[in-house]
Amino acid sequence: MDGPLRVLHAVVNMNRGGAETFIMNLYRNVDRSKIQFDFLTCYEGVFDEEIRSMGGIVYRIPYVTQSGHFAYVKKLNHFFHHHRHYKIVHSHMDKMSGLVLKAAAEAEIPARIAHSHNTSSEGNSLIKMYKWMAGRNISKYATDFYACSSKAAAWLFPHHSKTYSIIKNGIESERFEFSLENRKEVRRSLQLKEDSFVVGHIGRFNKQKNHLFLLDVFHETHKNHPEAHLLLVGTGTLQSKIEQKIKLLGIEDRVRLLGVRNDIPQLLQAIDVFAFPSLHEGLPVTLIEAQCSGVPCVISNNITQEVDLGCGLITRHPIEEPKVWASALLSISQSNQIRKSQAKLISMHGYNIQNTASVTENSYLKLGGMSG
């Protein structure tokens, strides 16, 4: 085969979600003279243009919610029938990977990777049942099993507990180095006072991220800290409900909805604490980034212990009482902890993207029958 080994990544879209951000971090840091990424997607994404600029191909087929089950399966079969040249398919669609990998197997794609980035399916009970049925194919048709954490692996492929590989959600750690000057500059741009106590959250506006609980937490926090502010980065299907609750609680002048941003390293400089009350997670990239920047993180105890990299920045609480969370946030506001970057510790634990890229690159070359 001439040129680099081309790996096909299957995703719903390439927007700024945690898994997608990780894939792009990986793509930017692999040796593209050896490995090239292509993408099978269902919707346009913000990363599509960058992918093409790096030599990647973005294919598109309608998702199951648009076309229905049988039409979606037919599209998958048709796609793989006409793209048999791929040696590796790397699917990031959680339980829906079962349908992708089955079609790839029937087209005799030799290496088929299921990659778990989460610990639960999204959607109502009917959708979850459909995804569960699709997920039963994973054990039969995947040849390799990757996960961001052991908890994520146990959820998506419980019968392969001894054969999966942990692929760490590496970040470009140097971009998250803390700088007091940068902090002041970003705060000025956001019109935040020097003595403001800034709570931050980054994540899609959906049920998993638990924004409505977070707003209750912040409401309690603001009662006791008049200079508290909340920055919410992201967008999603629950945005109107979030906006309604902000008005109901009377905190419109204290909560900023910043939308989708490409300046996350700078925003992390500005905040004082990262609040993350998710109902479920695999291993969030944002928590690695926050720790790297030296930000204290108050997180739900549903999140795997593996996310705590020993920086002394993680505190965990059950999602039960907003006042308990507010107390945890306020205790951080009153502490005199000196902010410092944790890039060395991040790298020591293997969460530097160069390390992840090297490990993954070697895995691809081995799977593709090429020497590393």
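The values are calculated or read from the model by the stated rules, or taken from the named source; none is laboratory data. Computed from a prediction, not measured in an experiment: that's the story for all the values here. In this analysis, Cβ positions are derived from the backbone assuming ideal geometry, glycine residues included, and neighbour counts consider all displayed protein chains. SASA here: full protein model, heavy atoms, side chains in, ligands and nucleic acids out. Shrake-Rupley method; radii C 1.70, N 1.55, O 1.52, S 1.80 Å.
Observations on the structure shown:
- Segment 7-126 holds helices (runs of 4 or more DSSP H) entirely within its bounds, and those carrying 3 or more residues that are in contact (Cβ under 8 Å) with a residue 40 or more places away in the chain, in contact with a strand residue (DSSP E or B) (Cβ under 6 Å, 6 or more places away or on another chain) and surrounded by 14 or more Cβ atoms within 10 Å (Cβ to Cβ) map to 97-106.
- Test: residue in segment 195-212 that is at negative phi, free of Cβ contacts under 8 Å to residues at least 24 places away in the same chain and outside any loop (DSSP other than H, G, I, E, B): no
- Among residues that are touching a Pro at 6+ places or on another chain (Cβ under 8 Å) and not hydroxyl-bearing (Ser, Thr, Tyr), Ile299 is included.
- Residues of segment 177-194 satisfying the condition of being open to solvent by less than 60 Å² (accessible area, probe 1.4 Å) and not in a loop (DSSP other than H, G, I, E, B): Arg183, Val186, Arg187
Yes/no matrix, rows are residues, columns are (1) touching a helix residue (DSSP H, G or I) at 6+ places or on another chain (Cβ under 6 Å); (2) buried (at least 19 other Cβ atoms within 10 Å of the Cβ):
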{"site": "Arg175", "(1), (2)": "yes, no"}
{"site": "Lys209", "(1), (2)": "no, yes"}
{"site": "Leu248", "(1), (2)": "no, no"}
{"site": "Leu257", "(1), (2)": "no, no"}
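- Listed by position, the helices (runs of 4 or more DSSP H) enclosed by segment 269-372 that each have at least 3 residues that are of a type outside the set (Val, Ile, Thr) and surrounded by 22 or more Cβ atoms within 10 Å (Cβ to Cβ) are 285-292, 322-333.
- Test: residue in segment 159-170 that is surrounded by 14 or more Cβ atoms within 10 Å (Cβ to Cβ), under 28 Å from Gln239 (Cα atoms) and either without any contact (Cβ under 8 Å) to a residue 12 or more places away in the chain or out of contact with any strand residue (DSSP E or B) (no Cβ under 8 Å at 6 or more places or on another chain) (or both): yes
- Residue that is nearest to Ser196 (Cα to Cα), among those in segment 223-248 that are of a type in the set (S, T, N, Q) and assigned to a helix (DSSP H, G or I): Asn224
- Filtering segment 249-268 to residues that are closer than 12 Å to Ile202 by Cα, assigned to a loop (DSSP other than H, G, I, E, B) and touching a residue at least 12 places away in the same chain (Cβ under 8 Å) leaves Val260, Arg261, Asn262.
- Residues located in segment 38-62, provided they are in contact with a Ser or Thr (Cβ under 9 Å, 6 or more places away or on another chain) and farther than 17 Å from His90 by Cβ: Asp48, Arg60
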